[in-house]
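Here the structure comes first, spelled out in C-alpha cells, and everything after it is commentary.
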Amino acid sequence: MNKGISFLQIGQFNSALKELLEAEKYYSRNPKVHYYLGIAYHGKGMREQAIEEFEKAVSLDKHYSEAHNYLGTLYSEIQLYDKAIREFEKALGNHLYDTPSMALYNMAWAYYSKKDYKTALDKYQDVLRTDPMTGLRPQVEKNIGLIHYEQNNDMEAIRHLKKSTELDPSLVDAYFILGQSYLRNKDSKNARRAFENVVKLSPDSSFGLKARNYLQSLQ
C-alpha cells in the first residue's frame, strides 16, 4: 500500500491504482486501502468508482473522518448536497479529526450551493473560529464576500473580497466579484482597478474575457 500512496503523492494515479488494487487482494477489510483507492480513482476522473471506494472505507470504519470528508466533496460535485452535508457532519463527529476546518469549509459550500446563505455564513465563521491560522482563509473571505454580493450587501462583499485578495493576490475570481461589487456601488475607479487585475492575472480565462468587456464599458 505504501508504494501506492507514494505514487498518489506525485500524481501518478494509474501506477497508484495498480499498486492499491494489488494491496486490496490481501487487505480488503482495511479502510485505508479503500480510501486511497478512492483518491486514485478520483485522480483518474473515475468519480463513480471513487465514491464506491469511499463508501466502502466509511462502512469499514465509521469514524474515518478523512473518508467522510472526501465522500462529501464528491457528493457535492454531483449536487447531492444533503448527502454531502451528512458526510461532513459524520467527519466532524470524530473529535480526533485533525482537520475539522476542511469539513466545515466543504459543508459551508454545500449550504451555499443550496442557497442557505445564513447557515453557509455560520459555517464559514466556524472555520475561522476552529482554525484562525487556516490556509483556507483567503477562500473563506472570498466565499463570504460572494454570499454578501448575491444578497446585494455590496459594502460587506467589498470588505471581505478585498481581504481575500490581500491574503492571496492570485485569486482571479475574487477580483472579478470585487469589480462587480464596486460597479454596482457606482465606484467606477475601483471597479476598473479590480477588472484590470483580472485581465493581468488571467487574460484568456472566462473571467478575463468578461473583465475586458467591463473595462470597455467603463472607458
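The values are calculated or read from the model by the stated rules, or taken from the named source; none is laboratory data. Quantities reported herein were computed from a predicted structural model and do not represent experimental measurements. Reconstructed Cβ throughout: ideal geometry from the backbone, glycine too, with neighbour counts over all protein chains shown.
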Kindly check whether there is at least one residue in region 47-55 that is within 27 Å of Lys3 (Cβ to Cβ), buried (at least 19 other Cβ atoms within 10 Å of the Cβ), polar (S, T, N, Q) and free of Cβ contacts under 8 Å to residues at least 40 places away in the same chain.
no
Conditions (1) surrounded by fewer than 16 Cβ atoms within 10 Å (Cβ to Cβ); (2) modelled with pLDDT of 95 or more; (3) among the aliphatic types (A, V, I, L, M): number failed by Ala157
(1)
Looking at (1) in contact with a Pro (Cβ under 8 Å, 6 or more places away or on another chain); (2) over 30 Å from Asp126 (Cα atoms), find the lone condition where Ile10 falls short.
(1)
Within region 61-75, how many residues turn out to be touching a helix residue (DSSP H, G or I) at 6+ places or on another chain (Cβ under 8 Å) and more than 18 Å from Leu136 (Cα to Cα)?
9
Flag for Ala67 being within 20 Å of Asp98 (Cα to Cα), within 22 Å of the chain's Cα centre (by Cα) and not basic (Lys, Arg)
yes
From the list Thr99, Thr119, which one is of a type in the set (Val, Ile, Thr), surrounded by fewer than 21 Cβ atoms within 10 Å (Cβ to Cβ) and touching a helix residue (DSSP H, G or I) at 6+ places or on another chain (Cβ under 6 Å)?
Thr119
What residue, of Tyr41, Tyr27, is at pLDDT below 95 and in contact with a helix residue (DSSP H, G or I) (Cβ under 6 Å, 6 or more places away or on another chain)?
Tyr27
Of the residues Glu77, Glu66, only one is of a type outside the set (Phe, Trp, Tyr), surrounded by fewer than 17 Cβ atoms within 10 Å (Cβ to Cβ) and within 28 Å of Tyr111 (Cα to Cα); which?
Glu77
